[in-house]
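Asker: One structure coming up, written as structure tokens, with questions to follow.
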Amino acid sequence: MRPAGPAGPGARRAEALAALAALAALCALAAGPLAGCGAGGGRSGFPPPEVQGGDPERGQRLISVYGCSSCHTIPGVQGAEGTVGPPLTAFGRRSYIAGVLQNNAPNLRRWLRDPQGVVPGNAMPNLGVTEEDARDITAYLFTLR
Ligand code: HEC
């Protein structure tokens, strides 16, 4: 390494700027599933890959139809301010469903269709959610990040 001469600080600033530019370029490249670059970058990976094969907008509407709102607080669903079950805030970032199932699309569909089969006796009833509806509701819940 060469000691920093009079041009040292300026050169270092130029280096720092170059590094920043490289970082910005990386962020632009990663703007797929790897969200989270910089402020407000959290939604650049929207919709996330888990929603593939599901219709999140339909799922959002179904949440009201099935009455999930009476028990859950769910961002983006009007009137969903229930406090019987846990809030579904940022559900797409959760590791577990009901503390027992790893949070992924197949498991979430399974939970929505048969919560009593997963955790017998818990306060979420089986609501007769169809396969297709579970898929779309799952798609919506995974958009919550
Ligand atoms: C009668 C109240 C009730 C209704 C209606 C209800 N839930 Fe639940 N839900 C619960 C309770 C209570 C739990 C917690 C179960 C547990 O942890 O064992 C839960 C858990 C969940 C979880 C896992 C939450 C977590 O933090 O791990 C999801 C996701 C969920 N419900 C989605 C839904 C959806 C979608 C609907 C509508 C189709 C719905 N729920 C309807 C009461 C309800």
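The values are calculated or read from the model by the stated rules, or taken from the named source; none is laboratory data. This structure is a prediction, so every number in the text was calculated from the model and none was measured. Cβ coordinates were reconstructed from backbone atoms using ideal geometry, including for glycine residues, and neighbour counts include every protein chain displayed.
Asker: Give just the number: which of (1) under 15 Å from I63 (Cβ atoms); (2) buried (at least 16 other Cβ atoms within 10 Å of the Cβ) does N107 not satisfy?
Answerer: (1)
Asker: To continue, here is another question. Would you kindly identify the helices (runs of 4 or more DSSP H) lying entirely within the stretch 1-120 that contain at least 3 residues that are farther than 13 Å from Y140 by Cβ and at pLDDT below 95?
Answerer: Ranges flagged: 8-29.
Asker: Kindly indicate which of G82, G99 is touching a His at 6+ places or on another chain (Cβ under 7 Å) and not aliphatic (A, V, I, L, M).
Answerer: G82
Asker: Moving to a separate point now. So in the stretch 83-99, with the set limited to residues that are surrounded by 13 or more Cβ atoms within 10 Å (Cβ to Cβ) and near the ligand (Cβ under 7 Å from one of its atoms), which one is nearest to the chain's Cα centre (by Cα)?
Answerer: Among them, the one singled out is F91.
Asker: Suppose we keep only residues that are buried (at least 19 other Cβ atoms within 10 Å of the Cβ) and of a type in the set (D, E, K, R) within the stretch 114-145. Which one would you say is farthest from L62 (Cα to Cα)?
Answerer: Across the stretch 114-145, the extreme among qualifying residues is R135.
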